[in-house]
Amino acid sequence: MQKMGSIAAFLQAAVAMAMMVVAFGLIGVSVLTDREKLVEMVLHNPTPIILQDLLKFAAAALAIILVIALFNTLRDGSPRQMRVATAFGCFSVLFLLMNASLSLYALSQASVYAQDTTAAGYEMNAMITLLGLIVIFTNGLWYLLLSRSALQGKQFPKPLNYLGLSIGFISLLPCLGIVVLPLSIVWSVWMGWALWQSPRITAQQTYYENYGSIRND
């Protein structure tokens, strides 16, 4: 399972980089912060937004694999804490799926909302934004509890765990949410490498412990 988690972490970093390219390169900050420009893009060039939503589905699938892999790796050291962390990780995935699904639904109804003089269009956009914030918040709690468990169990490099704690704290502050994505890319690559090396390190430790005990006997 650790190997699968490692591969998922590497792929998650790649998906996150693709999401950054789409968000800031193909969509643009001005569109993301201006509803009228967003509606115009949805009506005339929805491809980047559709691509972003599809990347969210890919990120959710990879995230659930990583959440389960890390639960299996760390549950023996902190079983209760890791159960809570995993719950938050699963909630984050669920809200991400809801965010992507609602966004795609809004795309299909864009022409209706564009002509709507009521608050329906604004409410839909606000709901999508709120779900995005909930994703970041619940994911941040997962980072915090996961990294705390890893530190307590002396799993993974300490700098990696401190990076996870930092991402977790930053995720709880909506004004700093834009910093989370680039930091999570670094964390995912590092965690992928740590999980890939972990079985080898564990095997070496077991060998030396057993060999040392035989020599002492």
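The values are calculated or read from the model by the stated rules, or taken from the named source; none is laboratory data. Note that the coordinates shown come from a computational prediction; the quantities given were computed from them, not determined experimentally. We place every Cβ from the backbone using ideal geometry, glycine too, and count neighbours over all the protein chains shown.
Below, the figures for the structure above:
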item	result
Number of the condition not met by ALA150 [criteria: (1) aliphatic (A, V, I, L, M); (2) buried (at least 20 other Cβ atoms within 10 Å of the Cβ); (3) modelled with pLDDT of 95 or more]	(3)
Qualifying position, being closer than 25 Å to TYR105 by Cβ, aliphatic (A, V, I, L, M), at pLDDT 95 or above and surrounded by 15 or more Cβ atoms within 10 Å (Cβ to Cβ), among ALA59, ALA87	ALA59
Given (1) modelled with pLDDT under 90; (2) under 24 Å from SER78 (Cα atoms); (3) buried (at least 18 other Cβ atoms within 10 Å of the Cβ), number of the condition ASN161 does not satisfy	(1)
Flag if PHE156 is among the aromatic types (Phe, Trp, Tyr), surrounded by 21 or more Cβ atoms within 10 Å (Cβ to Cβ) and either modelled with pLDDT under 95 or closer than 23 Å to MET17 by Cβ (or both)	yes
Residue match in region 44-51 (condition: surrounded by fewer than 21 Cβ atoms within 10 Å (Cβ to Cβ), at pLDDT below 90 and closer than 24 Å to VAL189 by Cα)	no
For ASN72: the one exception among (1) modelled with pLDDT of 90 or more; (2) surrounded by fewer than 17 Cβ atoms within 10 Å (Cβ to Cβ); (3) in contact with a helix residue (DSSP H, G or I) (Cβ under 7 Å, 6 or more places away or on another chain); (4) farther than 21 Å from THR33 by Cβ	(3)
Residues being over 20 Å from the mean Cα position of the chain (by Cα) and of a type in the set (Val, Ile, Thr) - total across region 23-79	7
In region 170-181, the residues that are part of a helix (DSSP H, G or I), surrounded by fewer than 18 Cβ atoms within 10 Å (Cβ to Cβ) and touching a helix residue (DSSP H, G or I) at 6+ places or on another chain (Cβ under 7 Å)	PRO174, LEU176, GLY177, VAL179, LEU181
Yes/no for LEU38 being free of Cβ contacts under 8 Å to residues at least 60 places away in the same chain and either of a type outside the set (Asp, Glu) or surrounded by fewer than 18 Cβ atoms within 10 Å (Cβ to Cβ) (or both)	no
Criterion (assigned to a helix (DSSP H, G or I) and in contact with an Asp or Glu (Cβ under 8 Å, 6 or more places away or on another chain)) met by exactly one of LEU104, LEU62, LEU66	LEU104
